[in-house]
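Data block below; observations after.
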Amino acid sequence: MNGFKKIVVFLMAFVLCCTAVACNKEEKTPDSSSGYGYIDQIQIEETDAELIAGGRSDYSVVIPENASVEIQFAASELVSAYDTSTGVKLSTITDSMASYSPENKYISIGNTSLFEEAGLTLRFDLGRSGVQMFTVGNILFLNGGSDSGALFAVYELLERTMGFMIYADDEIAVDHKSTVYFPSANGYAIPAVDAPIGSYYSNWNMSRYTRRMRMYSSEDWYIYKGGHNGFGIMPPDTYRSAHPDWYSPSGSQLCYSNYEMADQMIENIKVLIDADTEHNVMMIGIEDNRDWCTCDACLASKQKYGVDSAVHVKFMNYVVRHLNQWLEEERDGRKIEFVFFAYLSTLAPPVKMENGKYVPFDDSVVLEDNICPQYAPLDASFDRTFDHVDNKAVAETLNGWKAVSKKMYIWSYACNFNHYMVNFNNFNTMQANYKYLIERGVSYYMDQASYNTPTPCFEALRIFLMSRLMWDVDRDFNQLLDDFFTNYYKDAAPYMREYFDGIRNWYAYLETSKGLRTGSIYADIETTEFWPKAVLDMQLSTIDKAYEAIEYYKTVDPAMYEKLYSRINLESLSPRYLLCVLYENSYTPSGIKALRSAFKEDAIAHNLIRTREKESEFSQLYASWGV
């Protein structure tokens, strides 16, 4: 078969695959009436009273006298949205300048003195991110389970009354109006996930972007840094020389059967808790390696329970019971949630099977109510849903941990750590997997992605989807895609959507026709088998159409042209990178050098730093290319 015929046959197969996947995706759209997770009890009615009219307003935004940075930001977001919509900038005052009367015209944000004087109280079950609204006379109160919840209440109000939507930190939509009527709003909303944490470079390194997407960083959540922090709590440099048995023989982990070490850890954690009155979650995380303590006590536990996690669970119970007593007796009953990793050595839960279901191995491994395992499905196939037979181990691990714990945290993954420059194949399963975990009581969900570099892998779209689905997991996924592409890429939207759908369908073709698997976070997907040159050329041809669609902005709106060009150009870097690294022999020496030089120029403009998680800086790659 000659080259031309091969391409024609390939294209026909590709189109057929696209059709099949599109139909299958439509059939799997979730039922929005399922009723779990997200709770919405907010009622908003537009009154006859004018909030803004005739280029002016009698209303002021009121915040507490010593408002947090978050509440100040909430006020600025509300003022900015109304200003963008109407050209009217509401004044912001502190509650020391406001007197309570239902006749006064205020929008109160957070725990102001007005909120207290009105006799209002918040629901007990809002969590940190839940929102609540009250209307008393002419005063609208926006509040939440925390200052973050109050900010999210501002966003909920604006979204429901002003067509406000945040697609990215630099793409915010709001309706343009000359008159805004006062909204009488009452009720509450509780998101499906209280703590959505996405570690994509752009929001991981930009707190404003994170907040705008109603998300957090791990630093926002924990008393002491989250993650692998055991050595941070019990530094080897401080204790190991005098107490070598507090650590594993290799020195790579703590020894979790040593209760003398536990007693010192309890004292250290007390200091950390007292130093942080803002947060109420404390993690005790194992180190990031597969080693485990091999002392006699740890080995005996492994022999009895069959898993390493049993000794860690018992250790957690011991530490937390002592801390709970201290908190109750000496710290006015302060409530703290404690978290540990179900990861690597501690992945398998201490359970057994009875009558077809998992039960605790014995009572000693049932976790205290305020202890949560954080499960990290390191070996999951993210191109499959978690209830798929290929992810049987994921389901079994979750069910096992649920047998010994009241609540679950999740540390999940959203990129290929060996191939940052290639789109991760989880778009078709993202919603189903979120839903699967939310149904099982997950309230904290971290998606670890390319935290240490920007990537050309639809990062803004991924953050948008996570933001919207963590709030309400039953939203229409295809509608979210349409909404994002239309607003983020504007005139180029049809072609960028075509490029995006082509990637998803190409992965489906590889799986159904070639049996290639792509969903592991370490899958070797940077090969010519996965990415034939004809596919990459087709992708770039589609991207060229996107460029053409925005060409007219050069003269009518140069700033818009530059913004859209940059967004399209960023996504072009993935297929261009693959051409540069896989198809050197398909070009003349001068041709490949020109291709790589152009790639380097654009990659630097987008601040691309790494091609993989570790030891792979672009500067080294450029040096090897000679550009």
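Tabulated values for the structure
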quantity	calculated
Computed E for D276/A623 - FRET, C-beta separation, R0 41 angstrom, nearest 0.05	0.40
Residue-span extension gain [A393 to S76] - 0.36 nm each, minus C-alpha spacing	109.4 nm
Full-stretch length increase - E601, A49 - with 0.36 nm per residue and alpha-carbon distance subtracted	193.2 nm
Using θ = phi - 60° and Karplus 6.51 cos²θ - 1.76 cosθ + 1.60, couplings along the range 349-358 (whole Hz; Gly, Pro as x)	x, x, 10, 9, 9, 9, 6, x, 9, 7
Nearby lysines by direct alpha-carbon distance to K105 (threshold 29 angstrom, same-chain neighbours under 8 apart not counted)	K89, K177
Relative contact order [Cα under 8 Å, 6+ residues apart], the chain, whole percent	13 percent
Förster radius 35 Å - calculated FRET efficiency between N585 and L344, Cβ distance, rounded to 0.05	0.30
Simple label model, 7 Å out from Cα along Cβ direction - A594 to Q41, nm	6.7 nm
Candidate lysines for bridging to K614, where Cα separation is under 20 Å - those fewer than 8 sequence places away on the same chain excluded	K600
Label point at R321 placed 7 Å out along Cα→Cβ; residues across the range 247-265 whose backbone nitrogen lies under 20 Å	255-265
Taking the range 229-279 and dividing mean pair separation by its residue count, relative contact order in percent (alpha carbons under 8 Å, at least six apart)	31 percent
Contour excess over end-to-end distance, with Cα ends at N205 and E65 and 0.36 nm allotted per residue	47.5 nm
Fraction of accessible area attributable to carbon and sulfur, the range 56-123 (%, probe 1.4 Å)	45 percent
For the range 393-398, 3J(HN,Hα) per residue [Karplus equation, 6.51 cos²θ - 1.76 cosθ + 1.60, θ = phi - 60°, Hz, x = Gly/Pro]	5, 5, 4, 5, 5, 4
Expected 222 nm ellipticity per residue - DSSP helices of 4 or more, -39500 (n - 2.57), all of the chain, to 500	-13500 deg cm²/dmol
Label-to-label distance, nm, for residues given as T512 and Q479 (7 Å Cα→Cβ offset)	2.7 nm
Three-way shape label, the range 205-332, alpha-carbon gyration tensor, a/c 1.5	prolate
Peptides ranked, highest mean first, by Cβ atoms within 10 Å: ranges 52-64, 415-427, 612-624, 181-193	415-427, 181-193, 52-64, 612-624
Nearby lysines by direct alpha-carbon distance to K514 (threshold 21 angstrom, same-chain neighbours under 8 apart not counted)	K5, K6, K25, K533
The range 77-161 - percent relative contact order, Cα under 8 Å, separation 6 or more	27 percent
Karplus-derived HN-Hα couplings along the range 561-570 (A = 6.51, B = -1.76, C = 1.60, θ = phi - 60°), whole Hz, x at Gly and Pro	4, 5, 5, 5, 4, 4, 5, 5, 4, 4
D369/E551 FRET efficiency (R0 35 Å; Cβ-Cβ; nearest 0.05)	0.05
For T92, distant residues with modelled amide H under 5 Å away	V61
For E337, distant residues with modelled amide H under 5 Å away	V281, M282
Set K490/K563; K225/K435; K314/K406 screened for pairs whose C-alpha atoms are more than 22 Å apart	K225/K435
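The values are calculated or read from the model by the stated rules, or taken from the named source; none is laboratory data. Computed from a prediction, not measured in an experiment: that's the story for all the values here. For neighbour counting, all protein chains shown are included, and Cβ atoms are generated from backbone atoms with ideal geometry for every residue, glycine included. Note: areas computed on protein heavy atoms with side chains; ligands, DNA, RNA excluded. Shrake-Rupley method; radii C 1.70, N 1.55, O 1.52, S 1.80 Å.
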